[in-house]
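**Student:** Before we start, here is the structure in question, set down as structure tokens.
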Amino acid sequence: MGNNCVISNGVQIGGNVTIGNHVIMGGMSTVHQNTRIGDHAFVGGMALVTLDVIPYGSVIGNSAHLAGLNVIGLKRRGFTREVIRDLRSAYRLLFAEEGTFAERLADVKEAYSDHELVMEIVQFIKDQEKRRICMPHTGW
């Protein structure tokens, strides 16, 4: 577990879970064993996390799905508007509907190669390519 994390009441964390810095976990959320949660991520209350959560991501639901970026947490920690804008642009490109995920990941890597925070997301995904990550929910 990283530094400056907020773990609310009733959170259940399985074995061999890796939790990054500045992660906030809502009450009664559950994290499955061997799951990774990246830096500055937010896990909503009562979420069931069975897939990896990207850095700066926000997940909700049972089973947890990516609901966007943790923009409120980023603002509270003093990230600039420009940095948040770049993270949002990279997020939209990475999780667009066109092309395969591998193609979009390569596009993000190329377009944001000089952006440290975006590259953290890319590296997080590439570090464990065989592990699945939480994706945005499509359709209801």
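**Student:** Of everything in region 4-57, what is closer than 20 Å to ILE84 by Cα, touching a residue at least 40 places away in the same chain (Cβ under 8 Å) and in a loop (DSSP other than H, G, I, E, B)? Give them in sequence order.
**Tutor:** If the condition is that a residue be closer than 20 Å to ILE84 by Cα, touching a residue at least 40 places away in the same chain (Cβ under 8 Å) and in a loop (DSSP other than H, G, I, E, B), then HIS22, GLY38, ASP39, ILE54, PRO55, TYR56 are the ones that fit.
**Student:** MET119: among the hydrophobic types (A, V, I, L, M, F, W, C), surrounded by 15 or more Cβ atoms within 10 Å (Cβ to Cβ) and assigned to a loop (DSSP other than H, G, I, E, B), yes or no?
**Tutor:** no
**Student:** Quick check on region 122-138: of everything there that is of a type in the set (A, V, I, L, M, F, W, C) and in contact (Cβ under 8 Å) with a residue 40 or more places away in the chain, which residue is surrounded by the fewest Cβ atoms within 10 Å (Cβ to Cβ)?
**Tutor:** Among those residues, the one meeting the criterion is MET135.
**Student:** Test ARG131 against the stated conditions and say whether it is over 20 Å from VAL11 (Cα atoms), outside any strand (DSSP E or B) and in contact with a strand residue (DSSP E or B) (Cβ under 6 Å, 6 or more places away or on another chain).
**Tutor:** Yes.
**Student:** Yes or no: region 58-72 includes at least one residue that is part of a loop (DSSP other than H, G, I, E, B), in contact with a Cys (Cβ under 8 Å, 6 or more places away or on another chain) and not assigned by TED's automatic domain parsing to the domain that holds HIS115.
**Tutor:** Checking region 58-72: at least one residue is part of a loop (DSSP other than H, G, I, E, B), in contact with a Cys (Cβ under 8 Å, 6 or more places away or on another chain) and not assigned by TED's automatic domain parsing to the domain that holds HIS115.
**Student:** Here is a follow-up. Scan region 94-116 residue by residue and report those that are in a helix (DSSP H, G or I) and either farther than 22 Å from ILE37 by Cα or more than 15 Å from the chain's Cα centre (by Cα) (or both).
**Tutor:** PHE101, ALA102, GLU103, ARG104, ALA106, ASP107, VAL108, LYS109, GLU110, ALA111, GLU116, listed by residue number.
**Student:** While we're looking at this one, here's another question. Could you run through region 84-112 and say how many residues are of a type in the set (S, T, N, Q) and surrounded by 11 or more Cβ atoms within 10 Å (Cβ to Cβ)?
**Tutor:** The total comes to 1.
**Student:** Here is a list of conditions, (1) under 21 Å from ASN3 (Cβ atoms); (2) over 15 Å from the mean Cα position of the chain (by Cα); (3) surrounded by 14 or more Cβ atoms within 10 Å (Cβ to Cβ), and LEU74 meets all of them except one; can you say which number that is?
**Tutor:** Exception for LEU74: condition (2).
**Student:** Further question on the same structure: Would you check which residues across region 91-104 are under 14 Å from ILE125 (Cα atoms) and either basic (Lys, Arg) or without any contact (Cβ under 8 Å) to a residue 40 or more places away in the chain (or both) and list them?
**Tutor:** Result: TYR91, LEU94, PHE101, ALA102, GLU103, ARG104.
The values are calculated or read from the model by the stated rules, or taken from the named source; none is laboratory data. Everything numeric here is computed off the predicted structure, so don't read it as measured data. So basically every Cβ, Gly included, is an ideal-geometry build from the backbone, and we count neighbours across all protein chains shown.
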